[in-house]
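Okay, structure first, notes after.
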Amino acid sequence: MKVKVQADSGKMDVNQAKQEHLLALKVMRLTKPTLFTNMPVTCEDRDLPGDLFGHLMKEDPSTIKGAEMIMLGEMLTLPQNFGNIFLGETFSSYISVHNDSTQVVKDVLVKADLQTSSQRLNLSASNSSVSDLNPECCIDDVIHHEVKEIGTHILVCAVSYTTQTGEKLYFRKFFKFQVLKPLDVKTKFYNAETDEVFLEAQIQNITTSPMFMEKVSLEPSVMYNVTELNTVSTGEEGASTFGKMSYLQPMDTRQYLYCLKPKPEFAEKAGVIKGVTVIGKLDIVWKTNLGERGRLQTSQLQRMAPGYGDVRLSLELIPDTVNLEEPFDITCKITNCSERTMDLVLEMCNTNSIHWCGISGRQLGKLNPSSSLYVTLKLLASVQGLQSISGLRLMDTFLKRTYEYDDIAQVCVVCSHMNPEI
C-alpha cells in the first residue's frame, strides 16, 4: 500500500519571519491511511421507517456489499491530523523546498535535525548543496528515524541559499511533536528450588488501537539459557497459548513466561552469586493499523540474587511418591556460600511422620569456599499423606555454629497394600 502524506505546520524564527524569502519550505509527515468506519443504523421492519435504512446502507458506497452491518468499510481515509507517534515506531517525513521567485537561486542547502531531550540527530540524506534552483522548481527529501525516546521531539529544518546578487540568506522552521509509550511492561522473578529462575513479563497495550504481537522473546545474558513457556506441545509443532491470531486489544494485558537456567560453566557458581545479577532483555515486535511495525527492547533486566546464608542445602533428587513404611533415598547438595573453609558435621532429627535411617553426627569433612558436595540419605515415612521433610542440621566445627534446615521438601506417602474388601 502506498504511503500517504499528511501536512504539518511549523514555526519560524521571529527575525526570519520579518524577511521575505525566495524559497518556501513545506514539511509533511508520511503516514498510512486508515480504513473508513461507518456507524450502521437499523430498525425492525414493523417500525415507521420500515426498510428505508437498509436501502440507504446498501446504496452507500462506503459499505461492504453484502455486509452493510459491519462498521469497518472497504474504503480508505486520508489522515486528518498529525496522529500519534509511539516509541519504537519509525517517524517518516517529506521535506520540500520550492523556489517561489522569478530568479535562479544558488547554493541551496537543506538540513533536517531531530532534537530530543538528550541528543540532536542529523536526518538529512545528503549534506551537499544544490548549485542552481530554477524558478518553480523544488528540492525534495524523505527522512526516516526509528523513535527510541519518549517525550517532546522537535524537527528542525534549516534552509540556506544565495541570491543572484550574492546575498546569503538563511531561515529555519521548527516542528514539535510528542512521542508516547505504546506498551506498559512489568516483570516478576520467581526462584525455584534449584538454580532455575522463572521470569513473568506482563505486557499491556496502552494505545487506542489493537496490536498484532509478532514476537515477544527474551534475550538472556551470557550466564543463562532460556526456555520459552508460551507454547503447548501438539504433535511435532507447538501451538501458542494465545491462539493463532495473536492480537492484543487496547488496555488488555498478556503474561509471558520464561525459564532461565544457568549454563554448565556457571552452574557451580550459581548458588553462591550474591547481589544484583543481569538476566537479559525483552525484545518485542508488533504491528498496528495497516501493518506499521514497531519494536521495543527493554533495558537489561536485573534481579536480586536470593541469600542462602553461609551454607546452602538443596535437593537434587527426591521421589514424588513413596510407599508407607518403605525406605526411600534423597540426594542433597551442600554448597559453601561463605568466604572461608568449613568443617561440617551432618546431624539428623526425626519427626512424627519422617524418620531418618542412618547415624546422626556424620562427618562430611572440609568444604572450601564456593565448593559443593553431594550426600545421599535414606528416610522412612510412617504417616500417609503429604509429608514435609525436616530435621537436618549442619554444624561447622570451626566456629561451633549450627545451621538448621526444616521444610526442605514434601513427598506424598501412599499405602502400598490395598484391602480387597474396600
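Is it possible to state the helix-based mean residue ellipticity at 222 nm for the chain, with each DSSP H run of 4+ residues giving -39500 (n - 2.57), the sum divided by total residues, to the nearest 500 deg cm²/dmol? What is it?
It comes out at -1000 deg cm²/dmol, rounded to the nearest 500.
If I model a spin label at F189 and K215 as a point 7 Å from the Cα along the Cα→Cβ vector, what separation in nanometres do I get?
That separation, rounded to one decimal, is 2.6 nm.
How do H153, H355 stack up against each other in accessible area, from largest to smallest, with a 1.4 angstrom probe?
H355, H153
Name the most mobile residue of E347, E149, E20, meaning the one with the largest mean-square fluctuation, in a Gaussian network model of the chain with Cα contacts below 10 Å.
Greatest mean-square fluctuation among the candidates belongs to E20.
Could you do me a favour and compute the accessible area per residue for the chain, 1.4 Å probe, result in Å²? Walk me through the numbers before you get to the answer.
Numbers: 24350 Å² over 422 residues.
Ligands and nucleic acids excluded, the result is 58 Å² per residue.
Measure up K148/K176; K181/K281; K148/K173 against 20 Å on the Cα-Cα distance and list the ones that go over.
Numbers: K148/K176 16 Å; K181/K281 18 Å; K148/K173 23 Å.
Going by Cα-Cα distance, K148/K173 fall outside the 20 Å limit.
Can you work out the Karplus-derived ³J(HN,Hα) for every residue in the stretch 388-396? Use 6.51 cos²θ - 1.76 cosθ + 1.60 with θ = phi - 60°, whole Hz, and x for glycine or proline.
Whole-Hz 3J(HN,Hα) from phi for the stretch 388-396: 9, 8, 9, x, 8, 10, 10, 10, 8.
Between C43 and D283, 0.36 nm times their residue separation minus their Cα-Cα distance comes to what?
Full extension from C43 to D283 adds 81.5 nm.
May I ask you to give the percent of accessible area on the stretch 118-247 that is carbon plus sulfur, with a probe radius of 1.4 Å?
Using a 1.4 Å probe with all protein chains present, the stretch 118-247 comes out at 50 percent carbon and sulfur.
Please give the solvent-accessible surface of Y94 in Å², to the nearest 10, using a probe radius of 1.4 Å with every protein chain present.
That residue has around 50 Å² of solvent-accessible surface.
In 5 Å bins starting at 0, how do the alpha-carbon pair distances of the stretch 357-408 split up by percent?
4, 12, 22, 28, 17, 9, 5, 3
Which ³J(HN,Hα) values, rounded to whole Hz and listed in residue order, are derived for the stretch 96-112 from phi using the Karplus coefficients 6.51, -1.76 and 1.60 in 6.51 cos²θ - 1.76 cosθ + 1.60 with θ = phi - 60°, glycine and proline given as x?
9, 10, 10, 8, 8, 8, 9, 10, 7, 9, 10, 6, 7, 10, 10, 10, 10
Which of the aspartates and glutamates could be linked to K26 by a straight reach, that is with a Cα gap under 20 Å, when you skip same-chain ones fewer than 8 residues away?
Once the sequence-local aspartates and glutamates are set aside, what remains near K26 is D8, D13, D100, D107, D113, D132, E136, D140, D141.
Around L180, what is the net charge, scoring Lys/Arg as +1 and Asp/Glu as -1 over all other residues with Cβ under 13 Å from its Cβ?
Cβ neighbours under 13 Å give a net charge of -2.
Once amide H atoms are built 1.01 Å from N in the peptide plane, which residues 5 or more positions from D51, or in another chain, come under 5 Å H to H?
Placed amide hydrogens put nothing under 5 Å from D51.
Determine how large the accessible area of K32 is when every protein chain is in place; take a 1.4 Å probe and give Å² rounded to the nearest 10.
Number for this one is 50 Å².
Does anything in the stretch 278-300 have its amide N under 15 Å from the 7 Å Cα→Cβ label point of T227, and if so which residues?
none
If amide hydrogens are placed 1.01 Å from N in the peptide plane, which non-local residues have theirs closer than 5 Å to the one on S101?
Residues meeting the criterion, in which the H sits 1.01 Å from N, are E136.
Arrange the residues L344, L52, L324 by how much accessible surface each exposes, largest first, with a 1.4 angstrom probe. All intermediate terms of the calculation are to be shown ahead of the outcome.
Details: L344 0, L52 90, L324 40 Å².
Ranked from most to least accessible, the order is L52, L324, L344.
Which value in Å does the Kirkwood hydrodynamic radius of the chain take, with 1/r averaged over all unlike C-alpha pairs and then inverted?
Over the chain, the inverse of the mean reciprocal pair distance is 28.9 Å.
First select every other residue whose beta carbon is under 13 angstrom from the beta carbon of K148; then total the charges, Lys and Arg +1, Asp and Glu -1.
-1
Once you put a point 7 Å from the Cα of S62 and another 7 Å from the Cα of S416, both along the Cβ direction, what distance in nm separates them?
7.9
So what does R29 come to for accessible area, using a 1.4 Å probe and Å² rounded to 10?
About 20 Å², rounded to the nearest 10.
I'd like the distance separating the alpha-carbon centroids of the stretch 321-349 and the stretch 176-205, in whole Å.
If you average the Cα positions of each part, the centres end up 37 Å apart.
When only the heavy atoms of the protein chains count and the probe is 1.4 Å, how do L399, L22 rank by accessible area, highest first?
Listed by decreasing accessible area, they come as L399, L22.
A 26 angstrom limit on the alpha carbon distance is what I want to check against. Which of K186/K261; K261/K287; K111/K287 exceed it?
Values: K186/K261 21 Å; K261/K287 31 Å; K111/K287 31 Å.
Among K186/K261; K261/K287; K111/K287, the Cα-Cα distance tops 26 Å for K261/K287; K111/K287.
Starting from the Cα of V383, step 7 Å along the direction of its Cβ; do the same at T331; then give the gap between the two resulting points in nm.
Each label point lies 7 Å from its Cα, and together they span 3.0 nm.
The values are calculated or read from the model by the stated rules, or taken from the named source; none is laboratory data. Bear in mind that the values here come from a model prediction, so they are computed numbers and not experimental data. In this analysis, Cβ positions are derived from the backbone assuming ideal geometry, glycine residues included, and neighbour counts consider all displayed protein chains. The protein model used for the area step is the full one, side chains on, heavy atoms only, and it has no ligands, DNA or RNA in it. Shrake-Rupley method; radii C 1.70, N 1.55, O 1.52, S 1.80 Å.
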